[in-house]
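*Asks:* This is the structure I want to talk about, given as structure tokens.
The values are calculated or read from the model by the stated rules, or taken from the named source; none is laboratory data. Note that the structure is a prediction, hence the values are computed from the model and not measured. Cβ atoms come from the backbone with ideal geometry, glycine included; neighbour counts cover every protein chain shown.
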Amino acid sequence: MNMKKNNSISLIRNFIIILLIGLAGCKSPGILAPERTPVISADRVIRGIEQNQPEFEWMSTRFSGNVVWENSSQNISGSMRIQRDKAIYVSIAPILGIEVARALITPDSVKIVNRLESSYYLGDISLLNRMFNTDIDFYMLQALFMGNDFPHFRNDQFSLRQEGELLRLHAARRMRNGGVGSPINQAIMVEPEHMRIRTNIILEENSGRALRADYKGWENVSGRWIPSELAIMFSDDVSVSNLNMNYNRTTLNEPQRMQFNIPARYTPIYLTD
């Protein structure tokens, strides 16, 4: 089989970045406002976040927005489906609803079809980790899209401060359960009325990469608050990128199809480290 290079590799890299831009790390969480000691504990705030996160098996939404990458801006639109802890399905269809790319991400694999160039990519999460020099994790990506905290990280390392009207949780070295992977420096700004995350800021140690995820709007879906407007800013030592998404027609717990077929005539794309 022939191996496509150049344009195909560039497109597939940028498409992965659009999907995973929020997982590449973050500069040290800064102080946003004068700090005050709140009257509740960090444990109580964490329990409040957990209690108000949506319990779901399925999530489906349509989205529109744009991604700014390397001084260029590209409008995006399509649909996203999540089967909790199993798969994230994304279809990009910016031109008159005609699909140009499709991705299926699981805890250990990434599959992408590029219909513009009749090509496809099959790989695993470990390859993406090496490609972007970061500890990318399916469960982190799922949580960011849902406006949730990371469920597989320890909760006993947070301090709590009040900044303006928001509560600020901070962990300088938050570890995954079991101690696997690298620790992250994380600050979570919490809106106290509904105990939902307003801002999630992450630093991956020693990488110089920075993430800020802002949840600018919420929609009540089946009695649970789901993001309706999400902005993610990613930066490293040399560049800054932004992903902006608006959700609409969001549903919970309605089983969805995640069909992923690769036409026989499509050629594979190989990405090297």
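*Asks:* Given ASN242, ASN200, ASN185, which one is modelled with pLDDT under 90, polar (S, T, N, Q), touching a strand residue (DSSP E or B) at 6+ places or on another chain (Cβ under 7 Å) and surrounded by 15 or more Cβ atoms within 10 Å (Cβ to Cβ)? First the steps, then the outcome.
*Replies:* Numbers: ASN200 fails: modelled with pLDDT under 90; ASN185 fails: modelled with pLDDT under 90.
Criteria check complete, one pass: ASN242.
*Asks:* Being aliphatic (A, V, I, L, M) and free of Cβ contacts under 8 Å to residues at least 12 places away in the same chain: is that true of ILE105 here?
*Replies:* On the way: aliphatic (A, V, I, L, M): yes; free of Cβ contacts under 8 Å to residues at least 12 places away in the same chain: no.
So ILE105 does not fit the description; no.
*Asks:* Between residues in region 74-96 that are under 20 Å from LEU252 (Cα atoms) and residues that are outside any loop (DSSP other than H, G, I, E, B) and among the basic types (Lys, Arg), which pairs lie under 6 Å by C-beta distance while being six or more apart or on different chains?
*Replies:* Between residues of region 74-96 that are under 20 Å from LEU252 (Cα atoms) and residues that are outside any loop (DSSP other than H, G, I, E, B) and among the basic types (Lys, Arg), the close pairs are SER79/ARG62; TYR89/ARG81; SER91/ARG102.
*Asks:* Could you check region 52-90 and list, in sequence order, the residues that are surrounded by 18 or more Cβ atoms within 10 Å (Cβ to Cβ) and aliphatic (A, V, I, L, M)?
*Replies:* MET59, VAL67, ILE76, MET80, ILE82, ALA87, ILE88, VAL90
*Asks:* Something else now. Of everything in region 91-118, what is part of a loop (DSSP other than H, G, I, E, B) and either crowded, with 16+ Cβ neighbours inside 10 Å or at pLDDT below 90 (or both)? Give them in sequence order. Don't jump to the end; show me each part of the working.
*Replies:* Going through region 91-118, the residues part of a loop (DSSP other than H, G, I, E, B) turn out to be 93-94, 96-97, 99-100, 107-108, 115-118.
ALA93, PRO94, LEU96, GLY97, GLU99, VAL100, ARG115, LEU116, GLU117 - these are the residues of region 91-118 that are part of a loop (DSSP other than H, G, I, E, B) and either crowded, with 16+ Cβ neighbours inside 10 Å or at pLDDT below 90 (or both).
*Asks:* Under 7 Å between Cβ atoms, which residue pairs at least 6 apart in sequence (or on different chains) link something in region 170-196 that is among the hydrophobic types (A, V, I, L, M, F, W, C) with a partner that is in a loop (DSSP other than H, G, I, E, B)?
*Replies:* Final answer for the pair search is ALA171/GLN157; ALA171/PHE158; MET175/ARG154; MET175/PRO183; ALA187/PRO29; ILE188/ASP149.
*Asks:* Got at least one residue in region 182-201 being part of a loop (DSSP other than H, G, I, E, B) and farther than 15 Å from ASN52 by Cβ? Lay out the reasoning, then the answer.
*Replies:* Going through region 182-201, the residues part of a loop (DSSP other than H, G, I, E, B) turn out to be 182-183, 192-195.
Okay, now just the ones that are also farther than 15 Å from ASN52 by Cβ, so 182-183.
Yes, region 182-201 has at least one match.
*Asks:* Can you tell me which residue is farthest from LYS86 (Cα to Cα) among those in region 40-72 that are outside any helix (DSSP H, G or I) and of a type in the set (A, V, I, L, M, F, W, C)?
*Replies:* Taking region 40-72 as the starting set, the residues that turn out to be outside any helix (DSSP H, G or I) are 40-41, 53-72.
With the extra rule that they be of a type in the set (A, V, I, L, M, F, W, C), the set shrinks to 40, 56, 58-59, 63, 67-69.
Values: ILE40: 35, PHE56: 12, TRP58: 10, MET59: 12, PHE63: 21, VAL67: 26, VAL68: 29, TRP69: 29 Å.
Only one residue tops the list, namely ILE40.
Okay, residues lined up against (1) of a type outside the set (A, V, I, L, M, F, W, C); (2) more than 16 Å from the chain's Cα centre (by Cα):
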{"site": "ALA213", "(1), (2)": "no, no"}
{"site": "ASN220", "(1), (2)": "yes, yes"}
{"site": "ARG224", "(1), (2)": "yes, yes"}
{"site": "LEU230", "(1), (2)": "no, no"}
{"site": "SER235", "(1), (2)": "yes, no"}
{"site": "LEU243", "(1), (2)": "no, no"}
{"site": "ASN248", "(1), (2)": "yes, yes"}
{"site": "MET258", "(1), (2)": "no, yes"}
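*Asks:* Looking for whichever is at pLDDT 85 or above, more than 18 Å from the chain's Cα centre (by Cα) and surrounded by fewer than 21 Cβ atoms within 10 Å (Cβ to Cβ) here; the options are GLU191, GLU205. Which one fits?
*Replies:* Numbers: GLU205 fails: at pLDDT 85 or above.
Checking each option against the conditions leaves just GLU191.
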